[in-house]
1. Once phi is turned into ³J(HN,Hα) by the Karplus curve 6.51 cos²θ - 1.76 cosθ + 1.60 with θ = phi - 60°, what whole-Hz value does each residue of the stretch 65-74 show in order, with x for glycine and proline?
2. Just in the stretch 106-212: which chymotrypsin sites (Phe, Trp or Tyr not before Pro) are loop by DSSP and have at most 14 other Cβ atoms within 10 Å?
3. Less than 9 Å Cβ to Cβ from Ala56, Lys/Arg counted +1 and Asp/Glu -1: what total charge do the surrounding residues give?
4. Calculate the translational D of the stretch 36-160 in whole µm² s⁻¹ from Stokes-Einstein, where the hydrodynamic radius comes from the Kirkwood formula applied to all Cα pairs, the temperature is 10 °C and the viscosity 1.306 mPa s.
5. Can you tell me, using C-alpha contacts under 8 Å and at least 6 residues apart, the relative contact order of the stretch 118-178 as a whole percent?
6. Give, as a single signed number, the net charge of other residues whose beta carbon lies under 14 Å from the beta carbon of Arg99, with Lys and Arg counted +1 and Asp and Glu -1.
7. Apply the Kirkwood formula to the stretch 88-212: the hydrodynamic radius equals the inverse of the mean of 1/r over all pairs of different alpha-carbon atoms; give it in Å with one decimal.
Amino acid sequence: RAAQRIVEALRLALESVAASERVPAEAIDLFVQARKRLRTIGFRDPVAVVELLERAIELAPGFAPALALHAIACARAWFSPSTAQIRDWAPEVKASIARALDRAGYVAESHHAAGLVAWHEGRLRDAAAAARTSLAIAPTYADAMAFLGQIETEAGRDREGLERIRVAHELEPSLRIGIAEPARWNGLYGDLAEFERLIRVIETELRDDALT
């Protein structure tokens, strides 16, 4: 797994290095801030992340990683009960995804955003196809790996799905679904002791995040 983590870190670093030749440093800094915020387990303000990425894109309209991450951030804001009414997210999400797929279709995160919305709308085949496309572009992209694992778990392929989620969490320990989905599954169908252990882990991480 260490080699896979290195590959994914290199993918993200190369995107930034490639962009640095044509993208202002401020836009890259805004993008890095947004990506870090999306990673925190206590992530509570998707609108702020959307705004960071909007500023980055204003500075660099062709910054493909920011276009892709903007689509994900908009989807998260749309899904969040606390921010769902702040803006009319549905058309914003669809416009952002269409832009990302058109101008940053080679970035795995663009297809992940499309998959998240397909899942939200109940189009599970489209969601799974989008996840597989993300992984075809970036096989070590943990978000897409965990997302496909979640789809498999929901579809009754528990063993395959949970294993995929476990590997994704090893690649990216800050990935929330890496703990939340196994906790949910164990609470419903598995080992209650394991469920309680995972809930304690989530509570600890939330508390630690609140203190930072």
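1. x, 5, 4, 5, 5, 4, 4, 5, 5, 4
2. Values: sites: Tyr106, Trp119, Tyr141, Phe147, Trp185, Tyr189, Phe195; in loops: Tyr106, Tyr141, Tyr189.
Answer in residue order: Tyr106, Tyr189.
3. Numbers: positive: Arg55; negative: Glu26, Asp29, Glu54, Glu58.
In short, -3.
4. Value of D from the Cα-based Kirkwood radius: 109 µm²/s.
5. Numbers: 66 pairs, mean separation 15.6, N = 61.
Relative contact order for the stretch 118-178 comes out at 26 percent.
6. -3
7. Numbers: mean 1/r = 0.0650 Å⁻¹.
Across the stretch 88-212, the inverse of the average 1/r is 15.4 Å.
A short reminder: the numbers here are calculations on the coordinates, not readings from a lab. Just so we're clear, the structure is a prediction, and the values are computed from it rather than from any experiment. Neighbour counts run over all protein chains shown; Cβ positions are idealised from the backbone, glycine included.
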